[in-house]
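Structure first, commentary second.
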Amino acid sequence: MDNICIAMAKGRLAKQAVKLFREAGIDLPEDMLDSRKLIFSLPEENLEIILVKPADVPIYVEYGTADVGIVGKDTLLEENRDLYEVLDLKFGKCRFALAGLPDRKESLLQRKVATKYPDFTRRLFKKKGEPVEIIKLNGSIELAPLTGLADTILDIVQTGRTLDENGLVVYENIRKLSARLVVNKVSMKINQSEITKIIDALEKVIEGG
Ligand code: PRP
């Protein structure tokens, strides 16, 4: 039997993902996230875990290099890859919001939106039927309205602290987000029983069963 490879997003979701797997009886090494290793083999579980930058998780899963992935819905919406989203893991809860300085100029002909999510933002404004100029940034998005680089940001808001401490306000909540389990379309057929076992074990913990 082939090992199932799971691509886990490094960063803010990883700790909770490891906790969830352990609660589901899938014994990931406790110190996994303290090491610099990127691949972890769990032969007794027939599993292999790879630690991947969040935006790369859907890529590893779409290509089938990883059978399963754990990644935020924000990343899935931006990457828009061909894969199955099978489970809402109900952690990493946050939202996409448009935000900026409190004295928003309604008269702007075209909004300048800074974001780590340019593709999602482009689709959002297309749906709104509003013209937009999108500026792709890689982090600290809240700086953009403060420095005059953009008038609006589209970003994830979790506690709201970053907006608050930088004097920014939410203009519009766009949608709720959370971590998701995704599966490669071919793996889902070929390794159905192993993957279903993982999904069922995680679901049981999530639903508190
Ligand atoms: C994210 C996001 C916000 C912040 C929101 O940034 O881009 O800046 O967290 O969280 P809050 O509402 O709880 O304050 P992240 O920490 O991922 O770092 P980044 O700025 O490098 O993207």
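Observations, loosely collected:
- Cβ separations smaller than 7 Å between residues 6+ apart or across chains give no pair from region 148-162 residues that are among the aromatic types (Phe, Trp, Tyr) to residues that are not in a strand (DSSP E or B).
- Any hit, region 156-165, residues being in contact with a helix residue (DSSP H, G or I) (Cβ under 9 Å, 6 or more places away or on another chain) and not hydrophobic (A, V, I, L, M, F, W, C): no
- Just one of the listed residues (Asp56, Asp31) is away from the ligand (no atom under 16 Å from the Cβ) and out of contact with any Gly (no Cβ under 7 Å at 6 or more places or on another chain), and it is Asp31.
- In this structure, Gly72 qualifies as within 18 Å of Lys176 (Cβ to Cβ), within 16 Å of the ligand (Cβ to nearest atom) and open to solvent by less than 50 Å² (accessible area, probe 1.4 Å).
- Region 87-142: number of residues that are open to solvent by 80 Å² or more (accessible area, probe 1.4 Å) and part of a helix (DSSP H, G or I): 4
- Taking each residue of region 172-198 that is in contact (Cβ under 8 Å) with a residue 24 or more places away in the chain and under 30 Å from Gly100 (Cα atoms) and looking for partners that are in a strand (DSSP E or B) and aromatic (Phe, Trp, Tyr) with beta-carbon atoms closer than 9 Å, six or more apart or interchain, yields Asn173/Phe96; Ile174/Phe96; Arg175/Phe96; Lys176/Phe96; Leu177/Phe96.
- Within region 41-61, the residues that satisfy the criterion of being crowded, with 16+ Cβ neighbours inside 10 Å and either on the phi > 0 side of the Ramachandran plot or touching a residue at least 60 places away in the same chain (Cβ under 8 Å) (or both) are Val57, Pro58, Val61.
- The condition (being more than 15 Å from Gly167 (Cα to Cα) and within 13 Å of the ligand (Cβ to nearest atom)) is satisfied by just one residue among Lys136, Lys126, Lys105: Lys136.
- Qualifying residue in region 10-22 (condition: polar (S, T, N, Q), in a helix (DSSP H, G or I) and surrounded by fewer than 17 Cβ atoms within 10 Å (Cβ to Cβ)): yes
- Screening Asp82 with (1) of a type in the set (Asp, Glu); (2) surrounded by 15 or more Cβ atoms within 10 Å (Cβ to Cβ); (3) within 25 Å of Ala7 (Cβ to Cβ) gives one miss only, at (2).
- Residues that are more than 12 Å from Asp67 (Cα to Cα), β-branched (Val, Ile, Thr) and touching a strand residue (DSSP E or B) at 6+ places or on another chain (Cβ under 7 Å) within region 179-209 comprise just one, Ile199.
- Sole residue being more than 16 Å from the ligand (Cβ to nearest atom), modelled with pLDDT under 95 and more than 22 Å from Leu154 (Cα to Cα), chosen from Leu83, Leu42, Leu87, Leu51: Leu42
- Candidate set: region 165-198, residues that are exposed (fewer than 12 other Cβ atoms within 10 Å of the Cβ) and of a type in the set (Gly, Ala, Ser); chosen: the one modelled with the highest pLDDT: Gly167
- Region 155-209: number of residues that are in a strand (DSSP E or B) and more than 16 Å from the ligand (Cβ to nearest atom): 4
The values are calculated or read from the model by the stated rules, or taken from the named source; none is laboratory data. Because the structure is predicted, anything quoted here is derived from the model rather than measured. Here the Cβ is made from the backbone with ideal geometry for all residues, glycine too, and neighbour counts use every protein chain on show. These area figures cover heavy atoms from the full protein model, side chains too; ligands, DNA and RNA do not enter into them. Shrake-Rupley method; radii C 1.70, N 1.55, O 1.52, S 1.80 Å.
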